[in-house]
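Read-outs throughout are calculated quantities, based only on the coordinates presented, and are distinct from any laboratory measurement. Worth saying up front: this structure is predicted, and the values here are computed from it rather than measured.
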Amino acid sequence: MASDITLSSSVRQNLLSLQSTAQLMSMTQNRLATGKKVNSALDNPASFFTSQSLNNRASDLSTLLDSINQAQQTLKAADTGITSLTKLVESAKSLAKQAQQSSAPAATYALNIAGTAIAADTNATATSTSTFTATIAAATASVQSSVAIDATDLATDWADGQTFSLTFGGVTATFESDTGTDGVGAGNIGFTDADELAAAIQSAFGDAVSVSDDGAGNITVAGNFTQSFTVGGSAAAQGTDTAAVDGDTLTINDGTNTATFRKVASGAVAADGTFSNLAELSAAVTASNLTGITAAASGSNLQISAAAGGQFTVGGTLGTDFGFAATAYEATNTTLGALAGQSLTIQVGDEDANTFTFTATTTRADLEEWVGDLELGTGVTASISGAGVLSVTSTSKEKITVNGSNAAVNTALGLTDEDGVHSPTATVPTFSDTRTTYQNQYNDLLKQIDTLASDASYNGINLLNGDELKVAFNEDGSSSLTIKGVSFDSTSLGLTALNGNEFQTNGQIDEVLTKIDAALSSLRTQASKFGSNLTTVQTRQDFTKNMVNNLQVGADALVLADTNEEGANLLALQTRQQLSTTALSLSAQADQAVLRLF
């Protein structure tokens, strides 16, 4: 029958110590074998999973390093392409300069710059604020002077040789009764009866007076404007006069001449510059010395207008009563007035620029006057047509600038060229073979530029053909750099093939050189941008490498074992095992010694 083995406490204790030591030795040997102190989540969950996460991110970033490196190569390919393109464009510039230095053939030039019709001016017009009828009714009317002559009894009152003098409007005439046979005095006008006297007075003063004769010898002489008569002479019946009275006046000045119009009583004898109604005023204005001024009805009010380009100022008592302003009325142009503060520039070549500055009161007539006064040099003329179209024509080889200070000016004048610089068209009767050769070589270089730009591709991406490159810098792509490509074929650089006589005149070669300089500037600017992008990518590449290293070091710090420490631990455990084995042996011997006693 089997029985349990009974161990003493000392033996049991030594056995347990040996078991513990064996377990520790096994763990230490495993750490030394794997190099890790944490091999599974059972060893240390926090360290194991943290290390795993860090290693995963390091792995993801390591994968990104490959794409970042490819992006660098793409940028380097683009930079290499730009460098080569720059050399080709510089070669094109050299060809253009060589062509310019060769003998130029004779050429003629022509240029015609034309806008569209400029908005027409609104003629100067003013309308009274009060009605014509009411204003005239309240005004004071002029009273014309008159003289009543009694010639009913010539035998008594007008004996032969008797004289009668009459002064009116600065004219004096002397009339002498000539009923005898001795004639009349020198300078006198003779008459024998009342009818002859009336006719003589009318003849002497003309339209200044109106003479009426009732047939019975009663003669009335009325002045046709407001001045008084002066009578004299030796005749017994010299007549009686009525003094003139000035009525309210309306004055109009057209900028050069001034005309005065007086109100007279309705039905009064009409005279120059007098009126009693609107029709008479209109006729008086038309008959005056004013230029282009008319007066007409505007509803029940008085309207005064000037012809195109004209102006007028209204004054006098009636001018105030009608409500006209004391300042001049001038033509207006709302389209040009809206350009106040802006300007128009016309410049020939490098000569001094001619500048017209718009104001709130600028009219087309003002602009026409300025353009008409321009002196632009030989072969260059500027004008504004009757339809209001601004044009500049030239037979000069110089470029001409016709441009407004902003888009609104160009729109108002119908100027469509973006920068306002116009080059003349050159006509060359006989081409230069040398320059033609240079032109052909120039065109060949443009083809090389096109092919080189299309060949600057790397891994399917051509930053010189408009492609776009996106470089991701982290795992989820939230940190990235998008590099926009450019089109750098000859056309996109502003260089087009020359099909005509572009190299035959120095002026046209200058235009080509200007385009080449612009192309070189674009290439250099883009090279700088790509260089900046490359620096950014390289910086992020170095950063990513360091980040991967940091992540790996951090992950290893959590799970890797210290082999020196673990080796020392193993040696200590081996010593401990030996001591425990010895102690167990001694304990067993002690128990055996007790048994021998029996």
* Structure fact -> Residue-ordered couplings for segment 433-444, obtained by feeding phi - 60° into the Karplus form 6.51 cos²θ - 1.76 cosθ + 1.60 and rounding to whole Hz (Gly and Pro as x), are 4, 4, 5, 5, 4, 4, 5, 5, 5, 4, 4, 4
* Asked: Check S487: other-chain or 5+ apart residues with amide H under 5 Å from its amide H, H built from backbone geometry?
  -> G466
* **Whole-Hz ³J(HN,Hα) from phi, Karplus 6.51 cos²θ - 1.76 cosθ + 1.60, for segment 525-537, glycine and proline x** => 5, 5, 4, 5, 5, 5, x, 5, 5, 5, 4, 4, 5
* Structure fact -> Percent of all Cα-Cα pairs per 10 Å bin for segment 262-384, counting from 0 up to the last occupied bin, reads 11, 30, 23, 17, 12, 6, 1, 0
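Of the listed pairs K93/K529; K93/K399; K399/K484, which have alpha-carbon separations greater than 30 Å here?
Values: K93/K529 24 Å; K93/K399 21 Å; K399/K484 37 Å.
In this structure, K399/K484 lie more than 30 Å apart at Cα.
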* **Linear extension gain, S298 paired with D207, 0.36 nm per residue minus alpha-carbon span** => 29.5 nm
* When only Cα pairs under 8 Å and 6 or more residues apart are kept, what is the percent relative contact order across segment 386-544? -> 17
* **Listed residue pairs exceeding 24 Å between alpha carbons, taken from K397/K447; K76/K97; K87/K515** => K397/K447; K76/K97
* Asked: Where the centroid of each part is defined by its Cα atoms, how far is segment 522-537 from segment 418-457 in Å?
  -> 28
